[in-house]
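What follows is a set of notes on a single structure, which appears directly below.
The values are calculated or read from the model by the stated rules, or taken from the named source; none is laboratory data. Keep in mind it's a predicted model, so treat the numbers as computed, not measured. Neighbour counts are summed over all protein chains in view; Cβ atoms, including those assigned to glycine, are modelled from backbone coordinates with ideal geometry.
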Amino acid sequence: MLKRLRENKSAQGTLLAIPTMLWMLGLLIIPLILTAVVSVGRRSPDGTVIYSFSLENYFRLLGYSTSCANRQAACFDPLYVSILWRSLSLAFNTTVLVILLAYPLAYFIARAKPKQRNTYLFLVLIPLWTNFVIRVYAWMILLRQEGVINLVLGWIAHFLHISFQPIEMLYTPGAVLVGMVYEFLPFMILPIYTSLEKIDVSLYEAAADLGANAAKTFRRVTLPLSIPGVVAGTILVFIPVMGTFIVSDILGGRQVILVGNLIQRQFLDARDPTFGSAASLILMVMTLIVTYFYTRKFGFGEEIVVA
Amino acid sequence: MNPHRRSPFVIAAALVVYFFLYAPIIALVLYSFNASRANVTFEGFIPSFSERVVMDGSLVKSSPCGPFHWFCDLAKNNDVIDAAKNTLTIAFTATAIATVIGTMAAMALQRFDFNLKPFAQLSLYIPIVIPEIVMGIGILTLFSQVFAWLNNAFSLVGDSRLTMGLNTVIVSHIAFMVPFVTLVVQARLQGFDKSYEEAAMDLGANEWTTFRRVTFPMILPGVLSGALLAFTLSLDDFVITFFTNGPGSTTLPIYVYGLLRRIITPQVNALSTVWILVVLIAVLLLQVLQNRDSTQHS
């Protein structure tokens, strides 16, 4: 029997992959199917799931409401649609800002002398490896009414003899945006750096020989060749931002509710797993659609591994 | 044209981004020496050492540990120590299992064709393109439904009831680690020269000996960086742990999150400072190892 296995390449491959496939089946595929099943169920009064088939949760998410002000049977309630839209636009804004911040730094590191490169990269790794929750907390210290930023602004105002009122920054949409940008910045720097570093120096020499100036070389050589890094970074940033609930929870207080917060509350406070599951599936579909169209246009950067 | 020449604009932008990356961390560390227990503003360092902790309202006037008062306070906090133990237990166990099965899967995907290959590839690709919370609540639903059913079917009561705990967290961590381990090891296998293996076989080594003496040593750097990536993912994970942990399996990120929603003393900052120091040492060690590795090869 062992001899037959030795000759059967297909069986060998299956055998090697079996533990992983079982794991992914049990902890990814089945949970996703279960989520779909629960999302069409109904909630019993004590918060458990009654298995049935109703699309009510999805209608509710898309704005269908039965609790209307002027005795109508049904009306449009934009609550959940606006939460979905807020998450989508926040993820978009975060990604754009992160690209704008990450690109110059990645370029700076890639163009440094090889010896210094490691040091510069090292400086990016430390914030990345500092825990996610700790990094959100750091912004609480900075943004608070009595926090570091207001303190510094106060000193400046005092120095310039201007009157100064501390600005309310914590628990605003701006705080959530800054927190998201900070959390995910390293995930963009590393892939862009990897693709910039791969560019052959002789290409720059060729561009210079052909009479291109620095700006033109950047536009025609550097930028196109670094697109795979930007694509990989975008996937690493956009998708998690869509689902994260800690940043908005801690820096947004109760003011900024994202789809992640919505889902989390359905499972913990509101105790309606059926509605939470429906929201979770909508979130998944939204990210898959965006990723699909995005990668179809730009390809799937293999730099995704480096982070 | 000097490829290392950068315009002043690029240098200025890089400095600004570095400042943005480090300002929060510096503030975080500074506040871990705060004399104020309320920790809202920085009230200066704790000035002196004494036998006992002396407080003036919410200000610590002196402490047996002096300016390091909050670090001593932290070392006495059993919840933190338990959370640290849990975090490390989960990270080590899950990394070990994920590295082994992920490396096996990478070998299978890179070297063999089999019927279920498309399924294996797809299932390893999904966790990268869906938000973690989707996977988290899916796993939560699975465990709670299965546990409820089993507890009911075998009428388990009290301590023998199945509940969420360390095991559920470990099993779930493995699920999100495996795709990354497989990706990294596969990348290493792609640049692999098969003639070494053929040479070993020609010299009479069987498959197992060839793997042990030739293939494995050559892919080891890939396996190690896959394991390291998995380990850091586990240490950093909040979302999956949040939905799969139970009483007695609180990890450090979950513990810190719990504190942030209540009163925050500089103890949280002390914990953060210790964490940053550990990361600093780990990254430095890694750099030293990598440098040694690259000088050996050249």
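With the requirement that a residue be under 15 Å from residue A:85 (Cα atoms) and modelled with pLDDT of 90 or more, what does segment A:249-262 give you?
A:257, A:258, A:259, A:260, A:261, A:262
Taking the conditions (1) buried (at least 17 other Cβ atoms within 10 Å of the Cβ); (2) assigned to a loop (DSSP other than H, G, I, E, B); (3) more than 12 Å from chain B (Cβ to nearest Cβ) in turn, residue A:57 satisfies each one other than (2).
To keep it simple, each residue is scored yes or no on (1) more than 27 Å from residue A:136 (Cβ to Cβ); (2) in contact (Cβ under 8 Å) with a residue 40 or more places away in the chain.
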position: A:164; (1), (2): no, no
position: A:173; (1), (2): no, yes
position: A:189; (1), (2): no, yes
position: A:197; (1), (2): yes, yes
position: A:223; (1), (2): yes, no
position: A:227; (1), (2): yes, yes
position: A:234; (1), (2): no, yes
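Taking the listed residues B:114, B:92, B:180, the one that is within 7 Å of another protein chain (Cβ to nearest Cβ) and either farther than 21 Å from residue A:34 by Cβ or surrounded by fewer than 17 Cβ atoms within 10 Å (Cβ to Cβ) (or both) is B:114, with no other qualifying.
Can you tell which of B:154, B:114, B:119 is without any contact (Cβ under 8 Å) to a residue 12 or more places away in the chain, assigned by TED's automatic domain parsing to the domain that holds residue B:173, over 26 Å from residue A:276 (Cβ atoms) and within 29 Å of the chain's Cα centre (by Cα)? Unique residue meeting the criteria: B:119. Restrict the check to segment A:37-45 and report whether at least one residue is away from every other protein chain (no Cβ under 11 Å), over 19 Å from residue A:282 (Cα atoms), more than 26 Å from the chain's Cα centre (by Cα) and surrounded by fewer than 17 Cβ atoms within 10 Å (Cβ to Cβ). Yes; the residues of segment A:37-45 include at least one that is away from every other protein chain (no Cβ under 11 Å), over 19 Å from residue A:282 (Cα atoms), more than 26 Å from the chain's Cα centre (by Cα) and surrounded by fewer than 17 Cβ atoms within 10 Å (Cβ to Cβ). What do you reckon, is residue B:211 under 32 Å from the mean Cα position of the chain (by Cα) and either among the aliphatic types (A, V, I, L, M) or surrounded by fewer than 18 Cβ atoms within 10 Å (Cβ to Cβ) (or both)? Judged against the criteria, residue B:211 is a match. In the condition set (1) assigned by TED's automatic domain parsing to the domain that holds residue A:182; (2) touching a residue at least 40 places away in the same chain (Cβ under 8 Å), residue A:115 is compliant with all but (2). Note on segment B:123-144: residues that are more than 8 Å from every other protein chain (Cβ to nearest Cβ) and buried (at least 17 other Cβ atoms within 10 Å of the Cβ) total 3. Checked against the criterion of being away from every other protein chain (no Cβ under 12 Å) and either touching a helix residue (DSSP H, G or I) at 6+ places or on another chain (Cβ under 9 Å) or at positive phi (or both), the candidates B:207, B:197 yield just one match: B:197. Considering A:249, A:269, the condition of being of a type in the set (Asp, Glu), surrounded by 19 or more Cβ atoms within 10 Å (Cβ to Cβ) and within 30 Å of residue A:57 (Cβ to Cβ) is satisfied by A:249 alone.
Would a scan of segment B:56-74 turn up a residue that is in contact (Cβ under 8 Å) with a residue 60 or more places away in the chain and surrounded by fewer than 17 Cβ atoms within 10 Å (Cβ to Cβ)? Within segment B:56-74, none of the residues are in contact (Cβ under 8 Å) with a residue 60 or more places away in the chain and surrounded by fewer than 17 Cβ atoms within 10 Å (Cβ to Cβ). With respect to the conditions (1) surrounded by fewer than 18 Cβ atoms within 10 Å (Cβ to Cβ); (2) within 14 Å of chain B (Cβ to nearest Cβ); (3) out of contact with any His (no Cβ under 8 Å at 6 or more places or on another chain), residue A:101 falls short on a single one, namely (1). Applying the condition of being in a loop (DSSP other than H, G, I, E, B) and of a type in the set (S, T, N, Q) to segment B:145-165 and asking which residue is surrounded by the fewest Cβ atoms within 10 Å (Cβ to Cβ) yields B:155. Among the residues examined, residue A:63 qualifies as at positive phi and either in contact with an Asp or Glu (Cβ under 6 Å, 6 or more places away or on another chain) or within 12 Å of chain B (Cβ to nearest Cβ) (or both). Candidates A:26, A:47, A:41: the one that is closer than 30 Å to residue B:173 by Cα and in contact with a Ser or Thr (Cβ under 8 Å, 6 or more places away or on another chain) is A:41. Restricting to segment B:75-89, name every residue that is crowded, with 21+ Cβ neighbours inside 10 Å and among the β-branched types (Val, Ile, Thr). Scanning segment B:75-89 gives B:80, B:87.
When B:68, B:20 are checked against the criterion of being more than 9 Å from chain A (Cβ to nearest Cβ), among the aromatic types (Phe, Trp, Tyr) and not in a loop (DSSP other than H, G, I, E, B), a single residue qualifies: B:68. Considering only residues that are in contact with a helix residue (DSSP H, G or I) (Cβ under 6 Å, 6 or more places away or on another chain) and surrounded by fewer than 19 Cβ atoms within 10 Å (Cβ to Cβ), which ones fall in segment B:28-55? Hits for segment B:28-55 are B:29, B:45, B:49.
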